[in-house]
Amino acid sequence: MRNPVGPLPSSIYWRRRAVAGLLVALLAVLAAWAFTSVGSKGSQDDGKPGGSDPVKSITPGPGSSGPAISQQPGGRDESGEDGGSGGSDGGDTGAGSGGAPSDGTSTAGADTAGSGTGGSGTDGGSTAGRQVPAGSPLPECKPGALELTLRTKVSYGPDDRPAFDIIARNTSSVTCKADLGPKNVVLTVTEASAENDDVIWSSKDCPANPGPLFLQVPAGATVVHKVDWNRTRSTPDCVTPPPGKAAPGTYLLEAEAPDTPLRRASFVLKKD
């Protein structure tokens with residue numbers, strides 16, 4: 001289209017051509033910048049928020065400096081050969097070792113235990129006693145060969161059953177059998193504070209199994225016979241005992257057997 005005014009001077013013409021070239025160059029730069037910006041944003045779309053730093057690797061912490069604990073925590077050494085009685089909140093009084101499970105038999109106001117697995121025990125250690133019949137070919141333990149001790153807990157709670165351990169040790173070199181029945185090794189309980197010696201309970205008063213109870217005692221070994229008392233009183237010849245149970249207080253436990261010194265221990269029945 002022709003300019004109605006006429007041809008432009010050459011200086012104005014070239015000036016307009018230069019401005020047009022600058023505009024074209026500026027548009028090209030803007031287009032290139034827009035393309036680069038869009039492309040860079042597209043390259044960040046990898047499922048993570050744009051501009052987030054990569055997760056640093058986790059390094060392990062410092063290792064343990066000491067040996068691993070291989071034993072369970074505990075305040076007292078428990079042994080499989082300990083024949084101590086359960087159900088109490090105090091320690092043992094008396095001395096002895098060895099253990100025997102309950103056989104379910106009972107005496108008046110008491111449960112007795114003495115049978116278990118046998119063992120040689122010739123090295124002087126303790127072993128569980130094994131009940132044998134009275135007619136067993138094993139010889140009876142000689143009076144001087146058998147040592148008896150007595151053990152019980154220091155105290156018992158109001159709901160605990162006192163338990164007494166008769167501990168027999170064979171000091172000879174010959175395995176023998178010992179009668180730890182309720183009429184041969186007699187247990188008695190009396191009040192420690194009483195002025196008289198009135199017996200609260202005795203194992204020989206109307207026992208359910210009055211006959212002998214022989215346990216095998218290996219040479220040089222120790223066996224335990226356990227008796228549990230239910231706190232009821234007892235009377236000789238199966239006479240009906242007075243009602244009620246032993247009251248809280250301190251009690252004296254004694255064990256008496258033929259040709260054996262009298263053994264004593266004490267315990268407390270707590271109020272609560």
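Can we say ALA257 is in contact with a Lys or Arg (Cβ under 7 Å, 6 or more places away or on another chain), open to solvent by less than 40 Å² (accessible area, probe 1.4 Å), within 21 Å of ARG151 (Cα to Cα) and at pLDDT below 95? No.
Hey, could you check segment 219-233 for residues that are among the charged types (D, E, K, R) and more than 17 Å from ALA257 (Cα to Cα) and say which is farthest from the chain's Cα centre (by Cα)? Across segment 219-233, the extreme among qualifying residues is ARG233.
Conditions tested, residue by residue: (1) small (Gly, Ala, Ser); (2) open to solvent by 20 Å² or more (accessible area, probe 1.4 Å).
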residue	(1), (2)
ILE200	no, no
THR235	no, yes
GLY244	yes, yes
LEU253	no, no
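Of the set (1) in contact with a Cys (Cβ under 7 Å, 6 or more places away or on another chain); (2) within 14 Å of ALA168 (Cα to Cα), all apply to PHE214 but (1).
Do we have LYS245 as touching a strand residue (DSSP E or B) at 6+ places or on another chain (Cβ under 6 Å) and free of Cβ contacts under 8 Å to residues at least 40 places away in the same chain here? Taking the combined requirement at face value, the residue satisfies it.
Regarding SER193, is this residue closer than 29 Å to LYS271 by Cα, open to solvent by less than 30 Å² (accessible area, probe 1.4 Å) and small (Gly, Ala, Ser)? For SER193, the condition - closer than 29 Å to LYS271 by Cα, open to solvent by less than 30 Å² (accessible area, probe 1.4 Å) and small (Gly, Ala, Ser) - is not met.
The values are calculated or read from the model by the stated rules, or taken from the named source; none is laboratory data. Because the structure is a prediction, the values reported are computed rather than measured. So basically every Cβ, Gly included, is an ideal-geometry build from the backbone, and we count neighbours across all protein chains shown. To get the accessible areas, we keep the full protein, side chains included, count just its heavy atoms, and leave off ligands, DNA and RNA. Shrake-Rupley method; radii C 1.70, N 1.55, O 1.52, S 1.80 Å.
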